Amino acid sequence: MTKLSFSNKQNSFYTSLKTSVDQYFQSRQLRKTGNWKLYTKTGVLIPGAILIYSTLLFLFHPAGAHHAAITIITGIALSALLGLVQASIGFNVMHDACHGSYSTRGWINDLMGLSLNVLGGNAFIWKFKHNIIHHTYTNVDGMDDDIAKSPVMRSCASQEWKPAHRFQHIYVVLIYALSSFLWVAMMDFNKYFSKKIVNTPLQKMDTREHVVFWLSKLLYVALFVAVPVYSVGWGVWLVGFVSMHVTMGFTLAIVFQLAHVVEHTDFVYIEAGDTKKLEEEWAIHQVKTTANFAPRNKIVSWFVGGLNYQVEHHLFPRISHIHYPAISRIVKQTCREFGIMYNEFPTMRKAVRSHFKMMRDLGRKPVVA
């Protein structure tokens, strides 16, 4: 089994940072979980998705649709919008809930976390893959599933280079667009049957989790395949289904790529089956392997659920994203005091440019010394 540990005996950086952040919440008598802002988002996004979904079924129902060009264009646009709204539900509702930061009540977190299952994923597998592995071994090649896309993509210098990677900065757009469909239809099943995430054994699922896995997959097929096909027919359904997944997949993928696979973030390599210890504390590793983007763009912050504050999220995953803009000032100051580089791109455009530049650079054939 592959094992990696950190030098956490001193832990001076995180101890100082956590003390300052705790003092921020205590002095203002604030809870670290979500508040009315998050619940308002939920009240907008989930009913919004249901409304768009229902409109699409009615718009193209044989009894009421004329299938004129304007109607088809509207249907494609609404399907794409549904994909965007679903991505935002994932960023805002599911993400906070699965981290236990949506509410102080565990059952509410569990319930809202199941929004991922409705979207086609699986909360149990995601929590293990994301909360435990990704948040512990961020950008560790050989452990972090988020960068384990080789040989299709080369996300860091330690991964094997293939001639096709010369063009990866172009074709990754297609891969990102397919990512949510591949997640729902393939990757969850791969993890379920292989019982591992990259080189780490998957936490054992009890009977309830097995039942939830299969029932939620069947629910997804019913909601997003069977009902639409019955209502509008195969051809119309396929166009809408593809449009939805293209926008949803690309949006989910690019947001997470901008958080870690950009210039200036660090990567670590560990061979399968090896044991390794990093000579830095876990929190410093999180700062070095993560980047923020567009922190002052309120529209981006609202839509991506504060995931443009990835540094703060990786340091305090159990604090709701609603609080990240405020505590980012504390994190920046503490990083300055300890001489730790704080990665941040002022705009989303610059972050996107950095990511694709990195993809292009990693696509070049390595020079053998």
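How many residues, within region 314-367, are within 23 Å of ALA164 (Cβ to Cβ) and either touching a helix residue (DSSP H, G or I) at 6+ places or on another chain (Cβ under 9 Å) or crowded, with 18+ Cβ neighbours inside 10 Å (or both)?
Here is the first cut: in region 314-367, the residues within 23 Å of ALA164 (Cβ to Cβ) are 352-367.
Adding the requirement that they be either touching a helix residue (DSSP H, G or I) at 6+ places or on another chain (Cβ under 9 Å) or crowded, with 18+ Cβ neighbours inside 10 Å (or both) leaves 352, 354-365.
The qualifying residues number 13.
Quick one: in region 180-218, of everything that is of a type in the set (D, E, K, R) and in a helix (DSSP H, G or I), which residue is farthest from THR247 (Cα to Cα)? Can you show your working first?
If we filter region 180-218 for residues that are of a type in the set (D, E, K, R), which is where we start, we get 188, 191, 195-196, 204, 206, 208-209, 217.
In the following step, the residues that additionally are in a helix (DSSP H, G or I) were identified as 188, 191, 208-209, 217.
Numbers: ASP188: 20, LYS191: 24, ARG208: 32, GLU209: 29, LYS217: 21 Å.
Restricting to residues being of a type in the set (D, E, K, R) and in a helix (DSSP H, G or I), the top hit is ARG208.
Across region 257-308, what is the total count of residues that are in contact (Cβ under 8 Å) with a residue 12 or more places away in the chain and not in a loop (DSSP other than H, G, I, E, B)? Full working, then the answer.
At the first step, the residues of region 257-308 found to be in contact (Cβ under 8 Å) with a residue 12 or more places away in the chain are 257-297, 300-308.
Filter once more, so that each one left must be not in a loop (DSSP other than H, G, I, E, B): 257-260, 268-269, 275-278, 282-288, 292-293, 300-303.
Total satisfying the criteria: 23.
How about region 119-156: which of its residues are of a type in the set (Lys, Arg) and out of contact with any Asp or Glu (no Cβ under 8 Å at 6 or more places or on another chain)?
In the first step, residues of region 119-156 are kept if they are of a type in the set (Lys, Arg); the result is 127, 129, 149, 154.
Of everything in region 119-156, those that are of a type in the set (Lys, Arg) and out of contact with any Asp or Glu (no Cβ under 8 Å at 6 or more places or on another chain) turn out to be LYS127, LYS149.
Considering only residues that are of a type in the set (Gly, Ala, Ser) and closer than 16 Å to LYS37 by Cβ, look in region 292-308 and name the one that is most open to solvent (accessible area, probe 1.4 Å).
Per the criteria, the residue is SER301.
Could you please let me know if VAL311 is over 22 Å from ASN109 (Cβ atoms) and either open to solvent by 20 Å² or more (accessible area, probe 1.4 Å) or in contact (Cβ under 8 Å) with a residue 40 or more places away in the chain (or both)?
Spelling it out, it is not the case that VAL311 is over 22 Å from ASN109 (Cβ atoms) and either open to solvent by 20 Å² or more (accessible area, probe 1.4 Å) or in contact (Cβ under 8 Å) with a residue 40 or more places away in the chain (or both).
Looking at ASP145, is it over 16 Å from PHE189 (Cβ atoms), of a type outside the set (Gly, Ala, Ser) and in contact (Cβ under 8 Å) with a residue 12 or more places away in the chain? Quick ask: steps written out before the conclusion?
Numbers: over 16 Å from PHE189 (Cβ atoms): no; of a type outside the set (Gly, Ala, Ser): yes; in contact (Cβ under 8 Å) with a residue 12 or more places away in the chain: yes.
The answer is no for ASP145.
If a residue has to be surrounded by 13 or more Cβ atoms within 10 Å (Cβ to Cβ) and within 15 Å of MET143 (Cα to Cα) to count, how many in region 184-195 make the cut?
Within region 184-195, the subset surrounded by 13 or more Cβ atoms within 10 Å (Cβ to Cβ) is 184-185, 187-189, 191-192.
Next, from what is left, pick out any that are within 15 Å of MET143 (Cα to Cα): 191.
The number of residues fulfilling the criteria is 1.
State which residue pairs qualify: first residue of a type in the set (A, V, I, L, M) and inside region 15-39, second residue at pLDDT below 95 in any location, beta carbons under 8 Å apart, and separation of 6 or more residues or different chains.
Every condition considered, no pair remains.
I'm checking my understanding of the structure. Among residues of region 314-332 that are without any contact (Cβ under 8 Å) to a residue 24 or more places away in the chain and not aromatic (Phe, Trp, Tyr), which one is farthest from SER16 (Cα to Cα)? Spell out the reasoning first.
Initially, region 314-332 is screened for residues without any contact (Cβ under 8 Å) to a residue 24 or more places away in the chain, giving 324, 329, 332.
Next, from what is left, pick out any that are not aromatic (Phe, Trp, Tyr): 329, 332.
On the way: ARG329: 14, LYS332: 12 Å.
Of everything passing the filter in region 314-332, ARG329 is farthest from SER16 (Cα to Cα).
Hey, can you tell me all the residues within region 159-213 that are among the acidic types (Asp, Glu) and touching a helix residue (DSSP H, G or I) at 6+ places or on another chain (Cβ under 9 Å)? Please lay out each step first, then the result.
Residues of region 159-213 that are among the acidic types (Asp, Glu), as a first pass: 160, 188, 206, 209.
Within region 159-213, ASP188, GLU209 qualify.
Within region 270-291, restricting attention to residues that are modelled with pLDDT of 95 or more and closer than 23 Å to MET358 by Cα, which residue is most open to solvent (accessible area, probe 1.4 Å)?
Selected residue: LYS288.
Exactly one of (1) out of contact with any Ser or Thr (no Cβ under 6 Å at 6 or more places or on another chain); (2) among the hydroxyl-bearing types (Ser, Thr, Tyr); (3) modelled with pLDDT of 95 or more is unmet by THR138. Its number?
Every condition holds for THR138 apart from (1).
How about region 1-14: which of its residues are touching a residue at least 60 places away in the same chain (Cβ under 8 Å) and over 13 Å from PHE338 (Cβ atoms)?
Looking only at region 1-14, we keep the residues that are touching a residue at least 60 places away in the same chain (Cβ under 8 Å), and these are 1-8, 10-14.
Correct list: MET1, THR2, LYS3, LEU4, SER5, PHE6, SER7, ASN8.
The values are calculated or read from the model by the stated rules, or taken from the named source; none is laboratory data. This structure is a prediction, so every number in the text was calculated from the model and none was measured. Cβ: placed from backbone, ideal geometry, glycine included. Neighbour counts: every protein chain shown. For accessibility, only protein heavy atoms count, side chains too; no ligands or nucleic acids. Shrake-Rupley method; radii C 1.70, N 1.55, O 1.52, S 1.80 Å.
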